[in-house]
1. Residues with amide H under 5 Å of TYR41's amide H, sequence separation 5 or more or different chain, H placed in the peptide plane at 1.01 Å from N; which?
2. How many nm separate the modelled label positions at TYR33 and ALA77, each set 7 Å beyond the Cα in the direction of the Cβ?
3. Let's test the formula: R0 of 30 Å, r as the Cβ-Cβ distance of THR86 and ASP54. What FRET efficiency results, to the nearest 0.05?
4. Across region 12-72, how many lysine pairs, 8 or more apart or on two chains, come within less than 13 Å at their alpha-carbon atoms?
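Throughout, read-outs are computed from the coordinates displayed, never taken from laboratory work. Just so it is clear, the model here is predicted, and its values are computed rather than measured. Cβ coordinates were reconstructed from backbone atoms using ideal geometry, including for glycine residues, and neighbour counts include every protein chain displayed.
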Amino acid sequence: MAFDTFFPGGHSSSLFCYTCDNEHSNWNCLKTYKCEDHEKYCITTYSSAGFGKDTGHRITKKCSVDCPETNVNFGMAAFSTKCCGTSLCNFSGANSVKISYAVMFLGIVASLICVIRAGL
């Protein structure tokens, strides 16, 4: 579907992004915002922390001047930023980063080995 279908009046170089700040659900991130002329990207930041049922998730969406794609996973905490460059392209709130139980397990095993070696 063409951009003109949503925004009649000819071609526009304006970028529109979904916006929200630190929300628990993507359903709270459906507000649209017309970005400033110098903002060329829509970004979605997804973070999670915790273990099992106590895991908390946060989503932030906004316009951005640059494209700071990141994907960091520390086992019990993870952080990901994805960007795109077309209007309303940051619709999805699907978490592109998940807590890695394998990384967490290896960290626990390494800690236990250190404790056993230290004789505690």
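1. Long-range HN contacts for TYR41: SER64.
2. It works out to 2.4 nm between the two label points.
3. On the way: r = 37 Å, r/R0 = 1.22.
The pair THR86/ASP54 has a calculated efficiency of 0.25.
4. For region 12-72, the number of qualifying lysine pairs is 5.
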